[in-house]
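Only one structure is covered here, and it is reproduced in the block below.
Each reported figure results from applying straightforward, stated rules to the coordinates on display, with no laboratory input. No experiment lies behind these values; they were computed from the predicted model shown. Cβ coordinates were reconstructed from backbone atoms using ideal geometry, including for glycine residues, and neighbour counts include every protein chain displayed.
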Amino acid sequence: MAVCVAVIAKENYPLYIRSSPTENELKFHYMVHTSLDVVDEKISAMGKALVDQRELYLGLLYPTEDHKVYPSYLLCRYGYVTNSKVKFVMVVDSSNTALRDNEIRSMFRKLHSSYTDVMCNPFYNPGDRIQSRAFDSMVTSMMVQVC
Amino acid sequence: MAQCVQSVQELIPDSFVPCVAALCSDEAERLTRLNHLSFAELLKPFSRLTSEVHMRDPNNQLHVIKNLKIAVSNIITQPPQPGAIRKLLNDVVSGSQPAEGLVANVITAGDYDLNISATTPWFESYRETFLQSMPASDHEFLNHYLACMLVASSSEAEPVEQFSKLSQEQHRIQHNSDYSYPKWFIPNTLKYYVLLHDVSAGDEQRAESIYEEMKQKYGTQGCYLLKINSRTSNRASDEQIPDPWSQYLQKNSIQNQESYEDGPCTITSNKNSDSNLLSLDGLDNEVKVDGLPNNFRAHPLQLDSSSDPSNSIDGPDHVKFASSLHETKKANTGIIHGACLTLTDHDRIRQFIQEFTFRGLLPHIEKTIRQLNDQLISRKGLSRSLFSATKKWFSGSKVPEKGINELKNTSGLLYPPEAPELQIRKMADLCFLVQHYDLAYSCYHTAKKDFLNDQAMLYAAGALEMAAVSAFLQPGAPRPYPAHYMDTAIQTYRDICKNMVLAERCVLLSAEILKSQSKYSEAAALLIRLTSEDSDLRSALLLEQAAHCFINMKSPMVRKYAFHMILAGHRFSKAGQKKHALRCYCQAMQVYKGKGWSLAEDHINFTIGRQSYTLRQLDNAVSAFRHILINESKQSAAQQGAFLREYLYVYKNVSQLSPDGPLPQLPLPYINSSATRVFFGHDRRPADGEKQAATHVSLDQEYDSESSQQWRELEEQVVAVVNRGVIPTNFYPTQYCLNSYSDNSRFPLAVVEEPITVEVAFRNPLKVPLLLTDLSLLWKFQPKDSSGKDNEEVKELVTGEPVMIGTEVISEFLINSEESKVARLKLFPHHIGELHILGVVYNLGTIQGYMTVDGIGALPGCHTGKHSLSMSVRGRQDLEIQGPRLNNTKEEKTSIKYGPDRRLDPIITEEMPLLEVFFIHFPTGLLCGEIRKAYVEFVNVSKCPLTGLKVVSKRPEFFTFGGNTAVLTPLSPSASENCSAYKTVVTDSTSVCTALVSSASSVDFGIGIGSQPEVIPVPLPDAVLLPGASVQLPMWLRGPDEEGVHEINFLFYYESVQKQPKIRHRILRHTAVICTSRSLNIRATVCRSNSLEDEEGRGGNMLVFVDVENTNTSEAGVKEFHIVQVSSSSKHWKLQKSVNLSENKDAKLASREKGKFCFKAVRCREKEVATQFSEKYIFADIIFGNEQIISSASPCADFFYRSLSSELKKPQAQPSVHAEKQSVEDAVRLIQKCSEVDLNIVVLWKAYVVEDSKQLILEGQHHVILHTIGKEAFSCPQKQEPPEMELLKFFRPENTTVPLRPSVEQLSNLIKTSLHYPESFNHPFHQKSLCLVPVTLLLSNCSKADVDVIVDLRHKTTSPEALEIHGSFTWLGQTQYKLQLKSQEIHSLQLKACFVHTGVYNLGTPRVFAKLSDQVTVFETSQQNSMPALIIINNV
């Protein structure tokens, strides 16, 4: 399924990044970092519309040779914080053709809710790296689960 | 894509120019050689036309050509080898580096500020060279020779002959099948005959005549006389002539590498002497043998295929290549080109080109175009109809452009050179070359269709490409740029034709065009698509351009830019372009730096480090590697190990380069500067045998703010005592150990010859162990003359002068992975002055096989063997400690300021005495109240005598050195082994009941001096301890009354005999840990005796009840306690005798037993009390054994006084005195006073303890302090129950002053009553029914004031019990008395009681009320009822 899952803070530094084949970690880091440009572009292109529709999913960022990078752009609109522009980026093995858009969407939704849980932890300092075991295991499940 | 110097509109026409070949005779070549130039080179700077040119197109329209440029080159018979081209391109790129002082422009994108060089000259020169070095191919004609210049010299013997020879030669090259390479545009190439004439040498007449001859033969249009070399080269070149060749030749120096050094004389042996192109020589020679002297040299790029077998250019080879390039470059710059040419000659050459173009080339082109056009028109009529008819026939109405995918690989399909399909292409190319883009486009378009129909894909792609370019270049741009043409062309070239070179050209052009239209993302996509595995250099350049595209976009894509820069850098490094690689990584670094992408950052840093190292930019390498190591790295251990090794290796190289330079700063391990601790003094000696050294201060102790505060208070106390109660203003507590908590704002003082220990806290952030060797401190010292005045110049000494300061070196210090460890480094100052500890110096290294090292320093010897092999570098790290933040003034509060921290800058002062204290027989466990004798040894280990020794402790009741009166019991500890701690006197047993009285003053026991009972001077003999001397003093200890573990702090204070200005005193600390276990619990009460037998007369006597309980648990091995003596100590009272002496005289108490003693106490006689204010205490001993312990002597009295004083310290509730209540206060005090006693009981005991089957006798004493009559007092403080948590009150408590009233209890003690009556009374009731008994009521006033007393004899009627009493009696006579008692007066009342029955009666019914007579406010209070007074009435 996903080979790399990353949560990027508003200021574009990684809050959480994990990739399954660990020997390629560096490559994934580069990949995720580069995809932020596309995220930025998409946000600025249709930012307004996105806000209105509450559509967080950005769709396919760009395919590279062997992986597809899916991002999700997150607008957390809660009562106490506005526009925490946290981004999720997922790198998906494109050989896995069974993956549909909907499944990616649901994965992001899961990721989002798990992230929300992390944020709800009173001992979590917003902006720190995420070191939650629950979040970790959720990401693991997303990475392991082979469709 | 970076900005270019040229715009696209200039670039493309310049890339495709009409090509003209030049064929020179030997002689002509020799003439040009005089200028260090070949003929083609000679023309190069002038090959652009300065004026507009006009031409007529096939439709006879006038067409204007601007800025036409022609390319003249020598005929080269061999096609260039791909390997050679590659090498050339490589050199061009590596030869072009960004200028040093180039100001990069700053691009701000989001949070990023990037310095990016706007231009990429290496790319431009690459592109130029690439386009120029394109081999001519069959499918296009753009770089085919249109014309040929045949050059001969006027100095030749037979110039005309020579011309025809050259002409034949040209013909042979063009039409002979031996020469496949130089491609010619059309079969009948334009031949242009040029006669070179050397003005300085040749005969002008002859030249002119030859020229005339030529004109006749070839026509005026076909020949030219070019006069050059107007001056001789050896003429003094005082005249500065611009050198237009330099920019062309330098750029392409490789192409023209010829040995100019040989000079003009050796033209014939003109050979390519470049070492890399040696193989050319053979080829050259071959050509010469062939009889054709150097006119057609082989393509200079030609390489023997064996010399460059693969496209992988490995480093050293490349470096050599680059260096050779550099050399030739240098050589070139030394040569002045065109030395024989004057400015007139320049003009002549320019004129020649113009003439050639106008008269020769353009008419030729015009003619050719027209011819081709005619051909095409004639063919068109036929073929068009034919083709379209057949096509319609076969494929229906529409002529579809077949998709590329359907087409088979048809690159094999080749048209013959004269195929009609190629003619249209030829015409298109010609039109393109003369900038007639409209016509060119339509021709290309037609050609494209034809080729596609034939499925000649290579040809089609070429046509598509050029169609797109010419569409773009059309003036006024009537149609949009057909980008899809380009895409198709690229795809065809790449996928079908497998011709990457053509594809690359296509991409370069297309990207440039797209860029000019601001279609950056499309350009980037194109560029990226062409990166492939086959050429690293190309991929690198294209990726870099793509990166520039990203950054130049309207919303710059910084991260993509960075990523592609990294990719480019990677390819550059693979291509051997180290400098470019480094530059790319550095540019990318700007984006990744400090953004939290640590993995990427580390990778880039590592690469930068490596590249810098290979480029010998060692400083950069070091800083890059340093970055990896000091950032909290998340790399794996192996990776970190690799980083570290590289770092050390590079560092070593750096340090080897400059061995004399200052020591480098090392980044590892981390030093936690603020955790640095400094300790002044010797290390603590371990306990040896019975001797136990004072704990003092050591680095092993953790900082404890509470205890340090205690020590500080203790020191303040003793200093205050020394300075007569005032703490001097310049007093600062002595600090032996400086840490982050201590006050470091002043320079610490260190004593000469005493070591200074600095504890440095290291932390290894890596996952690999670090090994520090030869670790020592780095310092600076300013010695001060002992004479007191400073030297003229302050000498500054730095480490390495063992005369002044000795430095300890730790030979090996291993820090395991991710470990924090402290190192203690010592300095031994031998001279006074100012010392500054700067940092640490060490060799940093790793352990090679660190995986096998399990334990730290398991076998140091084993380690050394292993470590010595590993790499290490010497360096330093500074210790810079930031002081605490200042927060005192407003300015300091509003800004952030830090105070100084002078921890590491001690001042070495003159010698001071140094005391060491040892304790001998010092117990660790005691029973509560136990007295033990120990010895203290004071040793002066310094060379100065010490004096004024004092000890201060918070718990002075714990120990004593004995009073002044005490006879010093045996001085040596060994002699006193079995002696009692007490001073005893044997008594006869007769006097057991009565007390033995003695007295002592508290002054003798060192108590009561000032308000500081804690400060105790140590009774040194002679008050001075000489150097090296030692004194043993006895010391008694008494176990604290509470059970548990006690930490008792002693602070020894001493001074030097000579007063030192800087250090006034020194201190020594000791913490004793004593564990006490429960022994006895003593309760005592005192009450007034009611008895009248007062032989002492007035003053009254009291009964003292002492309850002794053995609370010891038998675990301590205590068998039993014996109470051996009870002593009283008071100013006014004394024990007189034991009242209830039980049978066993030696009062034994086994475990958990309780015993009760009762004593009678009497007031001391007046004469004894006379000295009331002299603090004299009367001691009275009651002995239960046969030895009297003299309680008024040491140590018993010592401890008594200490306990007393500690008791007094306890705060007594003294209510504040208000003036208006003064009288009340007085009264209250009077009342209180009469219930007060000041009797202190000392219980001395012996405990029999079995320990290791040996019986020991322990001794001890307990103190009970009795203050109030009737109130119980305890020997040990009662445990207080923790107060219950109070509810918080949120309202202000009303400040009501409770009127001060004496308590009821106190008031009830005003009058002492006692009834006197017969115990039993016999009365014959049958004779007389009423029995009258006389009773005397004795009222004694205990207070010192007059008291009104009311005696009420009436029965309380309210009491219900009273009614039930079977037999009550009545008082007869007056039932109420009112009287006044003077102070201490005793009054007796005679009463009569009347009984009617026999029985037992309680006579204690009279109620006595009393009040102070002069007080109205105080109500009468019923006085304390005496005990039941029982009377037995018997009937007789």
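To make sure I understand, if each residue's beta carbon is the centre and we count other beta carbons within 10 Å, what order do B:ASP1041, B:ASP429, B:ASP536, B:ASP683 fall in, fewest to most?
Listing B:ASP1041, B:ASP429, B:ASP536, B:ASP683 from fewest to most nearby Cβ atoms yields B:ASP683, B:ASP1041, B:ASP536, B:ASP429.
Does the range B:416-543 come out rounded, prolate or oblate by the C-alpha gyration tensor, with a ≥ b ≥ c the root eigenvalues, rounded set by a/c under 1.5 and, if not, prolate when a/b is larger than b/c and oblate if not? All intermediate terms of the calculation are to be shown ahead of the outcome.
On the way: a/c = 2.24, a/b = 1.31, b/c = 1.71.
Note, shape of the range B:416-543 comes out oblate.
Let's test the formula: R0 of 51 Å, r as the Cβ-Cβ distance of B:THR729 and B:LEU663. What FRET efficiency results, to the nearest 0.05?
E between B:THR729 and B:LEU663, to the nearest 0.05, is 0.70.
Between B:SER378 and B:TYR1248, how many nm apart are label points set 7 Å from Cα along the C-beta direction?
Distance between label points: 15.3 nm.
Between B:LEU1103 and B:GLU1042, how high is the FRET efficiency from 1/(1 + (r/R0)^6) when r is the Cβ-Cβ distance and R₀ = 35 Å? Nearest 0.05.
Efficiency computed from Cβ-Cβ geometry: 0.75.
Take B:ARG724, B:ARG1163 and order them by how many other Cβ atoms sit within 10 Å, fewest up front. Spell out each step's value before the answer.
Details: B:ARG724 7, B:ARG1163 20.
With the sparsest Cβ surroundings first, the list reads B:ARG724, B:ARG1163.
Residues of A:28-39, mean number of Cβ from any other protein chain within 10 Å of their own Cβ, rounded to a whole number?
That average works out to 6.
What is the gain in length, in nm to one decimal, between B:LYS897 and B:LYS1382 on full extension, counting 0.36 nm per residue of separation less the C-alpha to C-alpha distance?
Taking 0.36 nm per residue and subtracting the Cα distance, the gain is 167.1 nm.
In peptide B:589-602, what is the residue-averaged number of other protein chain Cβ atoms found within 10 Å of each Cβ?
4
If I stretch the segment between B:GLU812 and B:ARG56 completely, what's the gain in nm (0.36 nm per residue apart, minus their alpha carbon distance), one decimal?
Values: separation 756, 0.36 × 756 = 272.16 nm, distance 9.08 nm.
Contour length minus Cα-Cα distance gives 263.1 nm.
Beyond 18 Å between alpha-carbons counts as too far, so tell me which of B:LYS554/B:LYS593; B:LYS1119/B:LYS1154; B:LYS897/B:LYS1062 fall in that bin.
B:LYS554/B:LYS593; B:LYS897/B:LYS1062
Of the listed peptides B:1062-1075, B:886-899, what is their order by residue-averaged count of other C-beta atoms within 10 Å, with the highest listed first?
The densest-packed peptide leads the list: B:1062-1075, B:886-899.
Take the Cβ-Cβ distance between B:ASN887 and B:SER707 as r, set R0 to 25 Å, and report the resulting FRET efficiency rounded to the nearest 0.05.
0.45
Can you sort B:SER518, B:SER1340 by how many other beta carbons sit within 10 Å, fewest first?
Taking fewest neighbouring Cβ atoms as first place, the list is B:SER518, B:SER1340.
Per-residue Cβ counts within 10 Å, from other chains only, averaged over B:551-562: what number is that?
For peptide B:551-562, the averaged partner shielding equals 4.
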